[in-house]
Amino acid sequence: MTVSKRRLPSLAQLRAFAAVAEHLHFRDAAAALGISQPALSGAVCALEESLGVTLVERTTRKVLLSPAGERLAVRAVAVLAEVGALLEEAEAVRAPFTGALRLGVIPTVAPYLLPTVLRLAHDRYPDLDLQVHEEQTARLVEGLTAGRLDLLLLAVPLGMPAVRELPLFDEDFVLVTPLGHPLGGREELPREVLGELNLLLLDEGHCLRDQALDICREAGLGFKGAGRSGAPGGGRAGAPVTTTAAGLSTLVQLVAGGLGCTLLPRTALKLETARSSRLLTGYFAAPAPTRRIALAMRAGAARGGEYEELAAALREALRPLPVRLLGAGA
């Protein structure tokens, strides 16, 4: 039987096969798609029957792609990407700021900027279906490039030609110490004081952890084995690490408990330090260590004009915050 007489594959079948090809595990692939494992297996079997070839070799321990599966997985991913582009283009020709907008936000931004973002969307774009996804940077960028997300709100630069950044603002980092700490409440702190501290950091995967390590390196300091994928979570330079945290709220509570000091971005300072009366803040001498927050979209996105307009509106909405707003070309 020729391919032309076979039943055409469905998008659901292609998505199922692409997920299996990516994860090489039926359970993980099913979880990624949000479907049951039997439904996933059935979709892959239906695709194999439709194409007349075996795509997946199933063993008791693992899943492997057949030679045909290796070749056709590339085609399946390309087809799904083109379908995503078609849907995006169709949505773009509709009235602006309508339909779904899938916004990805990093955890060290979401609690502090989302109230402003959600209020802006509600008041100014009532027909926009804003869908928020909180994940770490690597996962967000993966979702953007794969078409799972439309727009990101995160720290930059990302250094990716396929991603266009729309800068929003720069914000300073502030030193947060336990009550009674000699650096607490001081201003004009030199960065070199970080080398004297038991500095607590977030777990691996958080861009804020990488930024804090970069600040220390720029000040001529270091942590034993530290790097963008290093093991330490904090501590004096060269000291063993015993404490880390998965979020800023936990990190601040560790500081309040006297386990060390940490760095907080200014947008997080008010909310997080209000949780305890056993905290002090210290401010760095200019130029203070900073981070830049931006919206990020796929280069050439069909709704790029809308995203630029949203960025401009968001800059104005963020004006009351303790940040330095940036123009579109910053």
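The values are calculated or read from the model by the stated rules, or taken from the named source; none is laboratory data. Since this is a predicted model, take the numbers as computed values, not measurements. In this analysis, Cβ positions are derived from the backbone assuming ideal geometry, glycine residues included, and neighbour counts consider all displayed protein chains.
Output the residues belonging to region 250-302 that are of a type in the set (K, R) and under 30 Å from T145 (Cα atoms). Answer for region 250-302, where residues must be of a type in the set (K, R) and under 30 Å from T145 (Cα atoms): R266, R291, R292, R298. Within the set R15, R71, R75, the sole residue that is surrounded by 14 or more Cβ atoms within 10 Å (Cβ to Cβ), in a helix (DSSP H, G or I) and basic (K, R) turns out to be R15. Only residues that are in contact (Cβ under 8 Å) with a residue 24 or more places away in the chain, part of a helix (DSSP H, G or I) and out of contact with any Lys or Arg (no Cβ under 7 Å at 6 or more places or on another chain) were counted in region 92-129, giving 9.
The residues of region 115-150 include none that are over 27 Å from L248 (Cα atoms), loosely packed, with under 14 Cβ neighbours inside 10 Å and hydrophobic (A, V, I, L, M, F, W, C).
Taken residue by residue, region 106-117 has no member that is over 18 Å from A296 (Cβ atoms) and β-branched (V, I, T). With the condition kept exactly as written, say whether any residue in region 140-158 is over 16 Å from E88 (Cβ atoms), assigned to a loop (DSSP other than H, G, I, E, B) and either β-branched (V, I, T) or free of Cβ contacts under 8 Å to residues at least 60 places away in the same chain (or both). No, the conditions are met nowhere in region 140-158. One residue stands out in region 253-274 among those that are in contact (Cβ under 8 Å) with a residue 12 or more places away in the chain and either small (G, A, S) or assigned by TED's automatic domain parsing to the domain that holds P111 (or both): the one that is farthest from G180 (Cα to Cα), namely A268. Name the residues in region 155-194 that are surrounded by fewer than 16 Cβ atoms within 10 Å (Cβ to Cβ) and among the small types (G, A, S), would you? If the condition is that a residue be surrounded by fewer than 16 Cβ atoms within 10 Å (Cβ to Cβ) and among the small types (G, A, S), then G159, A162, G180, G185 are the ones that fit.
Looking only at residues that are among the small types (G, A, S), at pLDDT below 90 and part of a loop (DSSP other than H, G, I, E, B) in region 161-219, which one is farthest from the chain's Cα centre (by Cα)? Across region 161-219, the extreme among qualifying residues is A219.
When you look at A21, is it within 22 Å of G147 (Cα to Cα) and in a strand (DSSP E or B), yes or no? The answer is no for A21.
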